[in-house]
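This report concerns only the one structure given below.
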Amino acid sequence: MKEIRLHGRGGMGTVKAAEIIVTAKVLEGGYGNSIPFFGFERQGAPVSSFVRLDERPIRPKTQVYTPDCVIVLDGTLRKAVDVFEGLKDGGWLILNSEPGSRVEDLDLPRSVGTVVLVDATGLALRRLGKPITNTAMLGAFVKGTGWVELSDVASKVEEFWGRENADLLGEAFEAAQVIRLR
Amino acid sequence: MSTVAVMNGNYAAATAARLARPEVIAAYPITPQTPVVEYLTLFAAEGSLSSRMTEVESEHSAMSILSGASLAGARCYTATSSQGLALMYEPYFRASTLRLPIVMNIVNREMISPQSVWGGPQDSLTLRDAGWIQIYVEDNQEILDQTIQAFRIAEDPRVLLPINVCYDGFYLSHMTERVEVPEQAEIDAFLPPYEAKHQILDPRKPMAIDPLTSGYLVMEYRKKHMDSMAAALGVVEETDKAYAALTGRSWGGALDLYRMEDAEYAVVTLGSVTGACREMVDEKRAAGVRIGLVKVRCLRPFPKAAVAAALARVKGFGVIDRNVSFGWNTGIVYQEVRSALYESGRTLPSVPFVGGLGGEDITLGLVSKAFDEIVAAVDAGRTPQSAVWLWAPRKGVKA
């Protein structure tokens, strides 16, 4: 079983991104579930969503405490939330980061095994005119982990948000930089 | 043939309601039930829902409108949570004592105060003695399957009672997973249209309903209501079998047992915590502990004979309650299970757990701790006199 924790802010589509990962997995014949944790619902407030993926039905309906992967939709969340809490040793970090970010400047904990960097805010602003980063982050996630197929994610992204977002997904997949730290 | 879909618990409930073709729906939005109302409104706008959707200003009005509609012979559906259910209490009780087969999902949410919007079945469990059938489920497939079955159970002439299918707020209502959705034609065959025969508001056949009634007749009403509750247990089982024949999915009827065949210890669960407990049963079994699980699905009517039979051979048990019974200093389900055992004449060591209030997570770690505590207490022949609290230590809070 793979466990994923997404960190975003209210209004960024964090919960929907988690649902798309689950939907892609089910389309591929597998199982998945996602549970959002809203805290106090308002735009801009930290939001988390917990995803599990497996080849067999998933019984626990609980939050994820030891993720294999964390997806951070807004880099500034690192100041408010410990996004690395419980990350499994050698786990994945998918980070929305400014263009030109260097991994050695990111102050990452030792648990991170693979980092995927993408300027999701910039890509979203250029294509959608608004800083909604979930689609671009999905592209980076798929490139870094390969846990679901890009085509399945793309078909769901297009169904929910249309062609522009599907193009953004592909663009982010291309642009994402996968850095293996060990 | 069914369709494989991915949906949250609220969508599963709305989808089940649509498949059941209720004639009248009246609902007022409240977190975490709100999306149920949004989805149904969306279905109506798309033209895929034939029900009459009534806009109401409160839950009290929602249940009152459905009571009138049900008296006029309509199949009726609604959903609510916590404070909405509390506001609905007056027509809630009347719907059951008037024997109106209304189906209502309760998206379980903690009762305030302090203010909380998160999960916990305190809302519906507190109303367990208001005459409704109450069934609790553990995942989204079960929400869909049981909500469909609820119409058939409620409308059965041997039952004629309203029914709640209850599911945990957020952990199920907002949790997304794979759900198989039956075809409309299959459900149409499973659920023939409702025909009210016991009482009908029809100007062509005038009938006085609910006049001032003397105590002697009230007693007759209550006795018949109780008899139909007893009959409902059998109908719940029958309906589960009929649905399994249609879809291949049986949920066990009033109770669901997991690895109880040779169990020395048992954990009793209700609702969404069951999945984590199943996982932990497997883990403890792998470590040599013979523990099994009894999931209470039907809380009203309470399957007391089945509970006693399920626990007939264990040395002791624990109950994980996501609710409290003030004054007993335990959870509610614990008291129900103990009463059922008293009738069977068995006294067993047992552990009353309380955890997961206000949406707190009952993690696998906490479940593991609870199982270890069950084994320790049972082996020592000990029954704690008040709840063992399942919670993770937190800074500044005294456990």
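Points to keep in mind about this one:
- Test: residue B:235 is touching an Asp or Glu at 6+ places or on another chain (Cβ under 6 Å), under 30 Å from residue B:274 (Cβ atoms), outside the structural domain of residue B:273 (by TED's automatic domain parsing) and at pLDDT 95 or above: yes
- Candidates B:263, B:306 - the one that is within 18 Å of the chain's Cα centre (by Cα) and either in a strand (DSSP E or B) or touching a residue at least 24 places away in the same chain (Cβ under 8 Å) (or both): B:306
- Residue count for the stretch B:1-42, restricted to those that are more than 14 Å from chain A (Cβ to nearest Cβ) and outside any strand (DSSP E or B): 22.
- Number of residues in the stretch B:333-382 that are under 21 Å from residue A:61 (Cβ atoms) and of a type in the set (Asp, Glu): the value is 2.
- Hey, residue B:351 among the β-branched types (Val, Ile, Thr) and either in contact (Cβ under 8 Å) with a residue 60 or more places away in the chain or in a helix (DSSP H, G or I) (or both) or not: no
- Subset of the stretch A:71-97 [under 20 Å from residue A:165 (Cα atoms) and over 12 Å from the mean Cα position of the chain (by Cα)]: A:97
- Some residue of the stretch B:206-216 being in contact with a helix residue (DSSP H, G or I) (Cβ under 8 Å, 6 or more places away or on another chain), crowded, with 20+ Cβ neighbours inside 10 Å, of a type in the set (Ser, Thr, Tyr) and more than 14 Å from chain A (Cβ to nearest Cβ): no
- Residue within the stretch A:114-131 that is within 14 Å of another protein chain (Cβ to nearest Cβ), part of a loop (DSSP other than H, G, I, E, B) and modelled with pLDDT of 95 or more present: no
- Scanning the stretch B:64-80 for residues that are of a type in the set (Phe, Trp, Tyr), assigned by TED's automatic domain parsing to the domain that holds residue B:15 and in contact with a helix residue (DSSP H, G or I) (Cβ under 8 Å, 6 or more places away or on another chain) turns up at least one hit.
- Condition broken by residue B:346, with the remaining ones in (1) charged (D, E, K, R); (2) assigned to a loop (DSSP other than H, G, I, E, B); (3) within 14 Å of another protein chain (Cβ to nearest Cβ) satisfied: (3)
- Test: residue in the stretch A:40-50 that is assigned to a loop (DSSP other than H, G, I, E, B) and facing another protein chain (nearest Cβ under 10 Å): yes
- Residues that are assigned to a strand (DSSP E or B) and more than 7 Å from chain B (Cβ to nearest Cβ) within the stretch A:4-31 comprise A:4, A:5, A:6, A:7, A:8, A:9, listed in sequence order.
- Those residues of the stretch B:309-329 which are closer than 15 Å to residue B:267 by Cβ and not in a loop (DSSP other than H, G, I, E, B), in sequence order: B:310, B:316, B:317, B:318, B:319, B:320, B:321
- Hits in the stretch B:230-253 - residues which are assigned to a helix (DSSP H, G or I) and hydroxyl-bearing (Ser, Thr, Tyr): B:239, B:243, B:247
- Every residue from the stretch B:271-291 that is away from chain A (no Cβ under 14 Å), in contact with a strand residue (DSSP E or B) (Cβ under 6 Å, 6 or more places away or on another chain) and either in a helix (DSSP H, G or I) or surrounded by fewer than 23 Cβ atoms within 10 Å (Cβ to Cβ) (or both): B:284
- The sole residue among B:86, B:27, B:69, B:20 that is surrounded by 21 or more Cβ atoms within 10 Å (Cβ to Cβ), under 26 Å from residue B:359 (Cβ atoms), touching a residue at least 24 places away in the same chain (Cβ under 8 Å) and of a type in the set (Gly, Ala, Ser) is B:27.
- Within the stretch A:51-70, considering residues that are charged (D, E, K, R) and assigned to a strand (DSSP E or B), the one farthest from the chain's Cα centre (by Cα): A:54
- Checking each residue in the stretch B:266-283 for being of a type outside the set (Gly, Ala, Ser) and either within 13 Å of the chain's Cα centre (by Cα) or over 16 Å from residue B:373 (Cα atoms) (or both) picks out B:269, B:270, B:273, B:274, B:278, B:279, B:282.
- Answer residue from the stretch B:176-190, given it is buried (at least 24 other Cβ atoms within 10 Å of the Cβ) and at the interface with another protein chain (Cβ under 7 Å from one of its Cβ atoms) and is farthest from residue A:58 (Cα to Cα) among those: B:176
The values are calculated or read from the model by the stated rules, or taken from the named source; none is laboratory data. Remember, it's a predicted structure, so these values are computed and weren't measured experimentally. Virtual Cβ from ideal backbone geometry, glycine too; neighbours counted across all protein chains shown.
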